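First comes the structure, then the notes that go with it.
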């Protein structure tokens, strides 16, 4: 993956790791951490990737909260090549400025921007700038603005944050720490942490429908978007292969129930998910060949 350097794009590989080879994710640069943004119908536009789990949580929240008419959306091409995330055809286009690349939206916002160009992007049509590129913040914004289930119930705030922290660091980001590790020790450390966390989640979900309380919350979305990609991508591509989600009876049933929700099911685009990972990460899959399987047990 390339990046912007002082407003100019470079295709040099940019997978940040620490001195011991551990993958380190850069923090989002455009934040609204308290979710305090008044959503006006027609003012904001989302740029998402069907392939991206961070985008997927936003896409589900948009549907759950009844904001599909108020907030427009467009999608980048699943294959990330020279230039990063791209707009390539009618299904993957930029209705704002007919841009070719997502990085053009970053430099419209900050002509001297330096850093990775990521999605999701929440764009303000009126100010003509990115207002947020952090998925958790966008989900909070949508929760406050829309109808439907309360994704951040105040009474469960502390418990929800504990699970959010564990799932983000050890599962959502954990699969990437396995896949992008630059040393055997870093990979094995991330691998153990990931599967220990999955075991903790599985034990907690036994006999439960949701992670926190008795109704859907945001942390369920955060777990879902990683688990739904796990068997098709992370087991092989990121070497997260101790076992599959379908091999854990509790996680398999939980994933099935989540996938039955219309907001979840209609936002799963597995073809683009697989094409992105296997077709974009040439350092991990030089041939670019996308596996045909596996058959997923989501019904």
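Summary table
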item	result
Computed label-point distance, nm, for sites residue 162 and residue 6 using a 7 Å Cα→Cβ extension	4.9
Pairwise label distance in nanometres, residue 25 with residue 256, each label 7 Å out on the Cα-Cβ vector	2.9
Paired Rg and Dmax values of the chain, which use every Cα atom, in angstrom	18.5, 52
Fraction in percent of alpha-carbon pairs per bin - 5 Å, segment 76-184	2, 9, 14, 17, 17, 15, 14, 9, 2, 0
At 1.567 mPa s and 4 °C, Stokes D of segment 212-299 from Kirkwood alpha-carbon radius, µm² per second	93
Added length on full extension, which subtracts the Cα-Cα distance from 0.36 nm per residue, residue 69 to residue 204	45.0 nm
Cβ-based exposure ranking for 282, 45, 50, in which fewest neighbours within 10 Å come first	282, 45, 50
Among beta bridges that DSSP assigns inside the chain, antiparallel share in %, nearest 5	80
Values of log10 I(q)/I(0), in the order q = 0.16, 0.18 Å⁻¹, for segment 154-261 under a Debye, Cα-only, solvent-free model	-0.67, -0.84
Calculated FRET efficiency for the pair residue 91/residue 265, C-beta based, R₀ 22 Å, to 0.05	0.70
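All of the numbers you see were taken from the coordinates with simple rules; none came from a lab. Remember, predicted model here, so these are calculated numbers, not experimental data. Note that each Cβ is placed from the backbone with ideal geometry, even for glycine, and that neighbours are counted across all protein chains shown.
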